[in-house]
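Contents: one structure, followed by commentary.
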Amino acid sequence: MHIRTKAPFQSSLSTISFFFLILTYLISSLSFGQVTYSKPVNYEDSLALAKELRAQGLDLIETMNYRESETVLLKAYEIVKQLKNPKLMGNIGNNLAECYSMTGRHQKAEDIYFEAFDLFSSINDTAAMAGILINLGDEYAKIGKLKMAIETELKAIRLKELNNDSRKLAFYYQKLGELFCEIDHVKWEEYAMKALALSRNPENTTWYATIAIYNDLGAIWSKKGNYKLAEMYYDTMYSLSKEAEYRKGIATANSERALMLHEQGRYEEALPLISEALEAIQDTDDKYNIVYKSTLKAMVLLKLNKPQEAIKLLQPAIKMAHDAHLLAEEMNAVKYLSEAYHANGQWKYAFEFHKKYTLLKDSLASVEIKNALYDLNARFETEKKQQTIDNLTELNRMHSKRTRLLVGLLSASVLILFLLGLIVSLRNRTIKQNRTLFEKEQKIMKLEHTRLSDEIDFKSRELAASTVHLINKNEVLNDLKKQLSTNTDSSNLKQVFRTIDQNINLDKDWQNFSRHFEEIHPNFFHRLKARFPGLTPNEERLCAYLRINLNSKELSLMLNITASAVDKSRNRLRKKLEILPTVNLNDFISKI
């Protein structure tokens, strides 16, 4: 079950003015229906009286007292008709149509909606025209003209969107989605979610539309079996309605929660909720809701094995639905009355009402078929006439444009072909130039690579030769020292040894080595000093020799120290470089 809301039109007047004007009106009126008036005091007073009467009628609609509201609104309508105010006449007509609709006088409601639409159309009030269309679509849905309902409400939405008017658009999508609740759940959910998204902006919705959106979302999730999420939406709907003392919203939230509990087999919990919902609207003129909630309560009573109570509820509900021309609701009530008689052992009545249910079902189907055929025929005739007019207009317009269009197309085609040819030519030329440039760059890079490789090889050979030269020189000098050490003339030998030692470690040799080394390993000493500033010159030399992978013997000759002294120098260097015993010293230095 879904809350039926109408597009709102509001007005107000001070209480003091109302009493004065209503007194004037009562003196001039003779009856509630057709009323005669003395000449109004002035236009403004009459207009104010009509607005106040309408406000009173709207209050009665909110409390679902549609018959009383109708009486008040008819008085307002007669006043406004004399004033020739089309906007206010349309607004009051919209409210009157709702009263007729909710009390089962659907043809009268439809006629009034068309009158209101014409009034708004005469002043080009597209927002009000869309409001009438959405309400008219709701009216079609009540009497089983579902296809017409969908098309009418789509027209309302298109009218809003064509005029870039998003005000209350959430209400329109909620109403449209409601039409799909029994025939296409995917569409229903799609429109409900669109309405929910639009309702985030207060300008795009109304309070009543927001309540209806929560009701729809609760029903959608209930049908999907997600009762927890459905209950959340129903609880929100109930809280908002309770806070605003909106009786219809409270009753609907309770009845929908009862239906959800019924679907879960929790009949004892469902009964108090549906009873409270029915009691809340029992004294109103809302026949649709009374029939719906009576039928739902009967369904719960049948599950609780209380067929007699169900029968008492359904009998007046069927009569009310029949009188109000609520075919779908009457069909459902008859169906459950048949089941109630069956459960009560009254087979004859059960059979009779089952036959009646079948007839109503077939009748409803035939009504839908007739309405569909009628709608298709009317639409075909309308579209045919419109198409003839459009064709004549189009022929006159196209005849003058065709030649220019052909010339324009031909010129554009030639220009496009020329531009395409030019673009292709330029592109091919660019590709060719880029390819030639790339090939030249590749050749240059290859030559540069060859030159650098040759230079590195030359420097490496130079460094190796320098190293070998130093090793050989130091080796020769050390051998000479050994030979001279056998000479007994120590006075002469000391001078010779000093000369040899000085020649072993000449700075010039080291500088020559360093120069060749730096060419092969650029910035090695700079990086070494930056990371380990505490190294001595001899330790820096040791690092350089280790970098070119000299062995212990070669190191002893280069440094002019013994093999054991080389090992000690290695160990001292390890400590200064803070190298773990497991790390290879040569590998560590090669990574500096």
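The values are calculated or read from the model by the stated rules, or taken from the named source; none is laboratory data. From a predicted model like this one, the values you see are computed outputs, not experimental measurements. Ideal geometry is used to build each Cβ from the backbone, glycine not excepted, and the neighbour counts take in all protein chains shown.
Quick notes on this structure:
- Residue match in the stretch 530-544 (condition: within 60 Å of the chain's Cα centre (by Cα) and of a type outside the set (A, V, I, L, M)): yes
- Ile132 vs. criteria in a helix (DSSP H, G or I), more than 24 Å from Tyr292 (Cβ to Cβ), out of contact with any Gly (no Cβ under 9 Å at 6 or more places or on another chain) and hydrophobic (A, V, I, L, M, F, W, C): no
- Ile211 fulfils the conditions (1) farther than 23 Å from Asp125 by Cβ; (2) surrounded by fewer than 22 Cβ atoms within 10 Å (Cβ to Cβ) except for a single criterion, (2).
- Pairing each residue of the stretch 277-304 that is without any contact (Cβ under 8 Å) to a residue 12 or more places away in the chain with any residue that is not in a loop (DSSP other than H, G, I, E, B), provided the two are 6+ apart or on different chains, yields C-beta distances under 7 Å for Gln282/Ile290.
- Among the residues of this structure, Ala219 counts as one that is in contact with a Cys (Cβ under 9 Å, 6 or more places away or on another chain) and either buried (at least 24 other Cβ atoms within 10 Å of the Cβ) or touching a residue at least 40 places away in the same chain (Cβ under 8 Å) (or both).
- Test result for Arg547, in contact with a His (Cβ under 7 Å, 6 or more places away or on another chain), in the same structural domain as Arg570 (by TED's automatic domain parsing) and modelled with pLDDT of 85 or more: yes
- Here Leu196 passes the criteria (1) in a helix (DSSP H, G or I); (2) over 19 Å from the mean Cα position of the chain (by Cα) except the one numbered (2).
- Test: residue in the stretch 345-362 that is modelled with pLDDT of 90 or more, outside any helix (DSSP H, G or I) and either among the small types (Gly, Ala, Ser) or not assigned by TED's automatic domain parsing to the domain that holds Arg67 (or both): yes
- The set of residues in the stretch 298-344 being farther than 30 Å from Lys145 by Cβ and not in a helix (DSSP H, G or I) consists of Leu304, Asn305, Lys306, Asn344.
- Screening Asn571 against (1) modelled with pLDDT under 90; (2) more than 21 Å from His526 (Cα to Cα); (3) not aromatic (Phe, Trp, Tyr) leaves a single unmet condition, (1).
- Selection of the stretch 121-139 for residues being crowded, with 24+ Cβ neighbours inside 10 Å and farther than 17 Å from Leu176 by Cα yields an empty set.
- Test: Leu296 is hydrophobic (A, V, I, L, M, F, W, C) and over 23 Å from Tyr349 (Cβ atoms): no
- Boolean, Glu475 is under 22 Å from Glu578 (Cα atoms) and either in contact with a Leu (Cβ under 9 Å, 6 or more places away or on another chain) or at pLDDT below 85 (or both): no
- Residues in the stretch 153-193 that are of a type outside the set (Lys, Arg), in a helix (DSSP H, G or I) and more than 22 Å from the chain's Cα centre (by Cα): 5 in all.
Here is a yes/no grid of residues against (1) in the same structural domain as Tyr66 (by TED's automatic domain parsing); (2) surrounded by fewer than 22 Cβ atoms within 10 Å (Cβ to Cβ); (3) among the β-branched types (Val, Ile, Thr); (4) on the phi > 0 side of the Ramachandran plot:
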position: Asp235; (1), (2), (3), (4): no, yes, no, no
position: Ser241; (1), (2), (3), (4): no, no, no, no
position: Thr252; (1), (2), (3), (4): no, no, yes, no
position: Glu256; (1), (2), (3), (4): no, no, no, no
position: Thr284; (1), (2), (3), (4): no, yes, yes, no
position: Lys293; (1), (2), (3), (4): no, no, no, no
position: Leu296; (1), (2), (3), (4): no, no, no, no
position: Gln308; (1), (2), (3), (4): no, yes, no, no
position: Met320; (1), (2), (3), (4): no, yes, no, no
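- So Leu217, is it of a type outside the set (Ser, Thr, Tyr) and under 21 Å from Asn91 (Cα atoms): no
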